[in-house]
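Undergrad: Dropping the structure in here first, questions after.
Bear in mind these aren't lab numbers, they're just calculated from the coordinates by the rules spelled out. Every value quoted in this text rests on a predicted model; they were computed, and no experiment measured them. Cβ sites come from the backbone with ideal geometry, for glycine too, and all protein chains shown count toward neighbours.
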Amino acid sequence: MRARQINWGFLTWVALVNTTVAATTQSSVDPAGPQAQHISQLWWVMLYLLTGVFILVMSLLSIGAFRRRSKAAETSGRNVIQTDSLRETKMARVVMGGVVVTTVILFALLVSSFIVGRTIYSTPKEPTVLTIDITGHQWWWDVRYENQVASQIVTTANEIHIPVGRQVVFKLNSADVIHSFWVPNLHGKTDLIPGHPAETWLKADRTGVYRGQCAEFCGHQHAHMAFEVVVESEEQFQAWYESQLKSAPAQLTSSQSRGLQLFLSKPCVMCHTIQGTDAGGKVGPDLTHLASRQTIAAGALQNNRTNLSRWILNSQDVKPGNHMPPIPLNSEELNFVLDYLESLK
Ligand SMILES: [Cu+2]
C-alpha cells in the first residue's frame, strides 16, 4: 500500500514536470527536420525488424524446448542412431538458414545506416545564408552569428535562434575538451574537438523550442551543459536578431546604474562582456542580452530573479565545479546588480 502511494506521488510529479516544460521538447523520434527524419526512420526500421527477429527467435526456442522433451520421451528405446543422423541434416539446414537470414538482415541494416549517415552529413544543398559559430566550453555554449560586417555580428550563449525552413550552417569548435553538439529533434551528434573545427548544417521544418545537450562526457558538469534551439518564423527571427544587435541600455534608473558600477568594479568584469559598457571579459557567457534568455548556466536554472541571485551568490552550490567563483556581495549590492542584469533585455 505504502509503495503504491509513493508511486502515485512520483507519477504526479512526472506529470507536473512534463506540463511545466511542455514547450520544450527533446526527442529523436519526434523529428522536426530532414536529418532527424532520416534518423528516426532508421530507428523505427530497426525497432520493427529486430522486434520481429526477437519474436521469431523466442517462438522457435519455445517450440524447440517443448518438442525436445516429447521427442525424447518418444524415441527412447527405438533406433536412436538413424533418428540422430536424420535430425542432424535437418539441424544443419536450419542452422545454415539462420546464418543466411542473419547475414542478410545485418547487411541490410549496415547498408541503410551507412546511407542515412551519408545523407545527414552531406554537404549543404542550398547556398549558405546563415552561419553560426558554436564554441563549447566547460560547461556552456558560446554562440556567434557570423557576418562580414562586424557591427552585425550577434554573440549570445546557450540559446540559438534560427528561422524555420532555412538551412543553417554550424561551425563547431571547442575551447577546452571534446564536447558534442546534439539536438535530437533536428539532427544527429557532431563532436567539437579542440583545434579541429567541424562543420554541420540543419534545417527545421516546424517552429518550436528544441532542447539540445552536450553528448560527449566532458567533466564534472557535463549533465548541465544544455542549450535551446528556438525555431521561429522569419519575421520573429529578424526581430530577435535586431534586438540582439543592440548594446546594453544607456538610460538607467539609479539602482540599475549602481548595479552597473558594481558589476564593473567587481571581478564580474574580468570574465563577462556587456556590449556598450567597459565589460569585455571572454571567460564566461556574453551577458548583453541576458534577460532575453529562458535559462541560465546552460539550462541548469530557469532565468528569473531568485535563480539569478542564487547563481551570483554561490554558483558552486548550483553547478559544483563550474568556472565562476562565488562573489561576495551584501544584499543591497546584490539587489542593485540584479536590477541591472534584469534590464539587459
Ligand atoms: Cu559534455
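Undergrad: Points 7 angstrom from Cα along the Cβ direction at Lys189 and Ser62: gap in nanometres?
TA: In this crude spin-label approximation the distance works out to 3.7 nm.
Undergrad: Checking a compactness column here: for the chain, what do you get for Rg(Cα) / (2.2 N^0.38 Å), N being the number of residues?
TA: 1.40
Undergrad: First measure r as the distance between the Cβ atoms of Gln37 and Val149, then evaluate 1/(1 + (r/R0)^6) with R0 = 35 Å and state the FRET efficiency to the nearest 0.05.
TA: Given R0 = 35 Å and the Cβ-Cβ separation, E is 0.50.
Undergrad: When a/c reaches 1.5 or more, the comparison of a/b and b/c decides; with that in mind, is region 254-342 rounded, prolate or oblate per its Cα gyration tensor?
TA: rounded
Undergrad: How tilted is helix 234-245 with respect to the longest principal axis of the chain? Cα atoms for both, answer in degrees (0 to 90, nearest 10).
TA: Computed tilt is about 50 degrees.
Undergrad: Now for a different question. Assuming 1.306 mPa s and 10 °C, estimate D for region 130-245 with Stokes-Einstein, Rh taken as the Kirkwood radius over Cα pairs, in µm²/s.
TA: My calculation gives 111 µm²/s for D.
Undergrad: Assuming 0.36 nm per residue, please report the length gained on full extension of the stretch Ser247 to Glu235 beyond their Cα-Cα distance.
TA: Length gained between Ser247 and Glu235: 2.2 nm.
Undergrad: If each residue's Cβ is checked for other Cβ atoms within 10 Å, how do Ser243, Ser343, Ser255 rank with the fewest at the top?
TA: So the residues, fewest neighbours to most, are Ser243, Ser255, Ser343.
Undergrad: Could you give the length gained on full extension between Asn314 and His220, defined as 0.36 nm per residue of separation minus the Cα-Cα distance, in nm? Could the numbers behind the result be given before it?
TA: On the way: separation 94, 0.36 × 94 = 33.84 nm, distance 1.69 nm.
Gain in length upon complete extension: 32.1 nm.
Undergrad: Can I ask one more? Using modelled backbone amide H atoms (1.01 Å from N, in-plane), which distant-in-sequence or interchain residues come within less than 5 Å of Leu192's amide H?
TA: Residues meeting the criterion, in which the H sits 1.01 Å from N, are His179, Ser180, Phe181.
Undergrad: Return the whole-Å distance between the Cα centroid of region 95-171 and the Cα centroid of region 200-268.
TA: Between the Cα centres of region 95-171 and region 200-268 lies a distance of 21 Å.
Undergrad: Using 0.36 nm per residue, how much length does the chain from Ser27 to Val100 gain when fully extended, once their Cα-Cα distance is taken away?
TA: 22.8 nm
Undergrad: Now for a different question. Which order do Asp30, Asp317 fall in if you start with the one that has the fewest other Cβ atoms within 10 Å?
TA: Numbers: Asp30 13, Asp317 10.
The most exposed by this proxy come first: Asp317, Asp30.
Undergrad: Also, I was wondering about something else. Could you work out which residue, out of Trp139, Trp44, Trp201, moves most in a Gaussian network model of the chain, that is, has the largest mean-square fluctuation with Cα springs under 10 Å?
TA: Trp44
Undergrad: Taking neighbour counts of Cβ atoms within 10 Å as a proxy for exposure, in what order, fewest first, do Val94, Val231 appear?
TA: Val94, Val231
Undergrad: Counting other C-beta atoms within 10 Å, and keeping those with at most 16, which DSSP coil trypsin sites (Lys or Arg not before Pro) do you find in region 91-144?
TA: Lys125
Undergrad: Longer than 24 Å from Cα to Cα, which of Lys203/Lys246; Lys171/Lys282; Lys171/Lys203 are they? Say none if no pair is. Walk me through the numbers on the way to the answer.
TA: Working: Lys203/Lys246 27 Å; Lys171/Lys282 19 Å; Lys171/Lys203 15 Å.
From Lys203/Lys246; Lys171/Lys282; Lys171/Lys203, over 24 Å: Lys203/Lys246.
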